[in-house]
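Worksheet for the structure shown next.
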Amino acid sequence: MNVSFSWLKSVAPTIRCTPDEAAEHLALRGAPVEGMESLGAGLEEIVVGRVESVRPHPNADRLSVCEVDGGDGVVQVVCGAPVIHEGACYPFARPGNTLPGGLKLKKAKIRGEVSNGMLCSEKELALGRDQSGIMQLEGNFTPGTTLIEALGLDDVRMDVEVTANRGDLLSHIGVARELAPGGAADLAVPAIPGAPDLTLSFERGEGGVQIGPVSIEVVDAELCPRYLGTVIRGVKIGPSPEWLASRLRAAGSQPINNVVDATNYVLLELGHPMHAFDLALLANSSIVVRRAGAGETFETLDGVKRTLTADMLMICDGERSVAIAGVMGGANSEVGADTTDILLECALFEPKSIRATRRALGMSTDASYRFERGVDPDGREAVVQRCVEVILATAGGAVDGSVLDVCPGSWETPVITLRCARIERVLGVGFTVAEVVGLLEPLGFRCAPQGEDSLTVEVPGYRRYDVTREIDLIEELARTHGYDEFPETLGPQRPSTVADDPLFGLERRLRELMVARGFLEAQNPSFAPETEGSVEVLNPVSVVESRLREALGHGLTRNVEHNFARGARDIRLFEVGTVFASAGSGEAPHESLHISAVLTGRSRPPHWSQEDSHWDEWDVKDLMGSVLEVAYPGATLIGSDEGEREAGTLLVARAASGEVVGTGGVLPSSRIDAPAWAGPVWVFEIQLPATAPELADVAYRPLPNFPAVERDLALLVPSGVAAAEVHSEILDAAGSLLESATMFDLYEGDGVPEGCRSLAYRLRLQAQDRTLTDKVADKAVSRVVKRLQERLSVEQRI
């Protein structure tokens with residue numbers, strides 16, 4: 001929101017701070033100023049020049065020779081403007097001056113006549129769009145006066161950042177309310193120069209109103225709760241007076257003509273969009289507010305023909321559409337140089353409808369920006385009165401009859417109960433009822449104390465869209481009191497008695513596991529391109545990321561590419577996050593929690609004393625196994641079939657129920673943009689359970705006082721039997737004396753039958769109360785061999 005500091009002081013004369021102090025104050029109120037610009041920058045050398053005489057150029061039909069008084073004597077200037085008036089004042093740039101566009105002037109001879117500078121147009125001075133003629137200054141000026149002083153450009157434009165919920169700050173009066181010492185009580189809009197003493201009357205009706213030949217009908221009251229129209233006849237379209245044009249320029253808006261400028265002035269001052277129609281171009285002098293027809297087309301003021309849908313609200317006359325409600329008017333009813341009678345619109349539209357229309361059409365205007373955030377529903381009459389005053393003062397004419405006020409909707413002023421005890425619990429600082437009233441009433445809230453500990457608060461119309469609950473009022477108290485005024489020390493607090501969801505504990509344990517293994521956690525957004533997700537986002541941040549991700553691995557792959565591009569070779573990243581899968585029609589998408597990791601390069605830091613060790617399939621298997629132990633007790637990790645291995649999937653994780661819960665392997669080169677020096681990129685992803693597994697009770701077991709017995713067991717295992725299955729049967733058959741079973745060798749070659757491989761395990765047996773004898777140890781090993789032979793057809797290799 002571009003704000004003129006001078007304009008702020010005109011609507012709140014009690015503002016005494018500097019622009020820098022105002023910016024600091026607004027930042028503390030939650031509306032930081034992103035930038036400030038001096039309006040006179042680049043115009044310091046330009047002065048007011050008065051044309052003393054004008055004569056035709058002797059050697060050019062379209063040029064004229066002027067005698068210009070620039071305050072330090074009369075000089076000759078050659079000018080190409082079609083009309084120059086003797087005695088009139090214009091912006092004058094001398095030789096050596098530099099214009100805002102960077103053009104440096106010098107004394108020149110044009111068609112044989114010397115030109116000592118130039119008279120400037122609006123566009124040459126970056127003060128407007130008009131370049132057809134020289135910018136004539138209205139009023140009495142002394143030659144040599146700086147243009148900054150003459151046009152009131154000794155002002156500062158502030159770019160105020162306004163959040164989506166604070167539509168009340170999209171006006172000068174809204175920002176001034178935050179800055180004025182007395183708040184709303186200090187606001188007073190300045191008088192309009194030349195405005196007549198005017199009192200408007202209103203003709204109201206629920207569905208429609210007609211006065212003479214002019215009628216207004218609202219067909220869709222849901223999307224248009226109120227519509228007001230004012231007929232002004234006998235206007236004369238032309239340039240705006242300098243006071244109005246200067247106000248608009250100061251706020252970053254370019255003057256167009258006096259009627260359009262009047263609506264823009266009210267928009268910037270009061271925050272309510274308005275629109276003027278050429279009454280002669282409205283069929284049957286009527287307005288009908290209805291939804292568009294499916295496939296209907298409409299050409300807006302910017303010259304673009306747009307295709308509409310049936311949910312878009314339109315402003316129509318007796319035959320056709322003339323404006324997209326709340327967004328932009330049409331070229332077929334535009335106010336032009338020949339306009340004499342206008343219909344001035346002031347309406348209230350449903351914010352969600354305007355937002356949806358604006359997004360669907362891919363356009364944004366000053367009007368839609370405000371309507372979609374919500375405008376004050378209580379200020380209609382004052383807005384109409386203000387705009388009519390400006391039009392009559394700048395374009396002449398007279399109001400024809402009463403204001404047509406179609407008010408099909410109804411609304412009540414929201415009243416919220418605010419408790420002082422609740423304020424203290426939330427903010428940690430107590431406030432009395434009197435202090436609350438002193439903080440809220442300057443913002444426009446009307447407070448009525450209800451005893452010593454509570455009060456009722458009426459919400460003003462301009463805050464009706466964002467202040468709806470008690471907690472919203474507490475937020476207003478906090479920012480008005482000043483966040484920097486709260487004590488820095490923490491007050492007493494009581495921890496919650498509600499336990500965390502067990503899934504939070506599972507996530508924490510997995511993060512601790514991965515960090516302990518030397519991995520860094522990545523946090524990627526859930527948005528993904530169309531190729532990486534099936535759930536479409538209704539309101540995408542960008543066209544490129546229009547879906548919700550269906551896996552974490554894609555985002556981690558981009559993280560790896562980012563690191564590769566910066567020369568990083570050794571990468572260990574993991575992420576715990578939510579992924580989405582589409583459900584049936586009309587159903588919400590399925591959400592599930594996943595953990596994924598990528599690893600590439602060296603598996604341990606380089607050192608001169610040892611050779612580099614790189615990640616391989618066994619490292620990935622070990623890491624996945626550790627994750628499964630935490631998330632899925634009893635899960636197995638097996639090799640994939642031949643087709644999956646060719647695609648890079650080497651490992652498959654199965655829960656105890658047999659369900660596949662994850663995979664791991666190496667990324668194919670087609671899925672990652674890796675440099676030639678990069679090693680294989682390993683990745684795994686595991687879907688976490690919907691409910692966290694129960695944690696076993698921690699029990700203390702003393703260290704054994706008796707030695708352990710170890711037995712090595714070589715086994716011939718059929719190729720179709722996984723090592724994990726063998727390991728599971730060993731643990732089950734050996735009994736309580738088995739301390740550990742570790743596989744330490746794999747052999748395939750001479751001496752091993754075809755279709756088999758040799759796996760060697762070391763069994764460690766130990767008792768807490770005695771030293772084991774060979775007989776006991778051999779008996780346990782025999783049970784293991786027998787179980788493996790019966791269930792897995794595994795033989796002992798001798």
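The values are calculated or read from the model by the stated rules, or taken from the named source; none is laboratory data. Keep in mind the model is a prediction, meaning the values are calculated, not measured. As a convention, Cβ positions derive from the backbone with ideal geometry for all residues, glycine included, and neighbour counts pool all protein chains shown. Note: areas computed on protein heavy atoms with side chains; ligands, DNA, RNA excluded. Shrake-Rupley method; radii C 1.70, N 1.55, O 1.52, S 1.80 Å.
Worth a mention:
- Subset of the range 558-577 [within 20 Å of E512 (Cβ to Cβ) and either of a type in the set (V, I, T) or open to solvent by 30 Å² or more (accessible area, probe 1.4 Å) (or both)]: R572, V576
- Test: residue in the range 461-469 that is more than 22 Å from R373 (Cβ to Cβ) and surrounded by fewer than 18 Cβ atoms within 10 Å (Cβ to Cβ): no
- Among the conditions (1) within 23 Å of N264 (Cβ to Cβ); (2) open to solvent by 60 Å² or more (accessible area, probe 1.4 Å); (3) acidic (D, E), E203 misses just one, which is (1).
- Restricting T357, T394, T413 to residues that are open to solvent by 40 Å² or more (accessible area, probe 1.4 Å) and hydroxyl-bearing (S, T, Y) narrows the list to T413.
- All conditions in (1) open to solvent by 20 Å² or more (accessible area, probe 1.4 Å); (2) without any contact (Cβ under 8 Å) to a residue 24 or more places away in the chain; (3) among the small types (G, A, S) hold for S64, with the sole exception of (1).
- Filter result for A581 (more than 17 Å from G518 (Cβ to Cβ), of a type in the set (A, V, I, L, M) and without any contact (Cβ under 8 Å) to a residue 40 or more places away in the chain): no
- Selection count, the range 147-190, where residues are under 25 Å from the mean Cα position of the chain (by Cα), acidic (D, E) and crowded, with 22+ Cβ neighbours inside 10 Å: 2
- Candidates are the residues of the range 346-397 that are among the polar types (S, T, N, Q) and part of a helix (DSSP H, G or I); the one that is farthest from E161 (Cα to Cα) is T394.
- The set of residues from the range 723-779 being among the β-branched types (V, I, T) and within 18 Å of G634 (Cβ to Cβ) comprises V726, I730.
- Selection within the range 507-521 - closer than 15 Å to M624 by Cα and not in a helix (DSSP H, G or I): R517, G518, F519
Yes or no, residue by residue, for (1) modelled with pLDDT under 90; (2) under 30 Å from R50 (Cβ atoms):
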site: S115; (1), (2): no, yes
site: C120; (1), (2): no, yes
site: Q136; (1), (2): yes, yes
site: F141; (1), (2): yes, yes
site: L147; (1), (2): no, yes
site: G167; (1), (2): no, no
site: V175; (1), (2): no, no
site: L187; (1), (2): no, no
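- Among the residues of the range 656-689, those that are open to solvent by 90 Å² or more (accessible area, probe 1.4 Å) and in contact (Cβ under 8 Å) with a residue 40 or more places away in the chain comprise R671, D673, W677.
- Single match in S364, S402 (criterion: open to solvent by 10 Å² or more (accessible area, probe 1.4 Å), polar (S, T, N, Q) and in contact (Cβ under 8 Å) with a residue 40 or more places away in the chain): S402
- Residue ranges of strands (runs of 3 or more DSSP E) in the range 561-663 with at least 3 members more than 36 Å from the chain's Cα centre (by Cα): 636-639, 649-654
- Test result for R770, open to solvent by 30 Å² or more (accessible area, probe 1.4 Å), at pLDDT 95 or above and more than 30 Å from L506 (Cα to Cα): no
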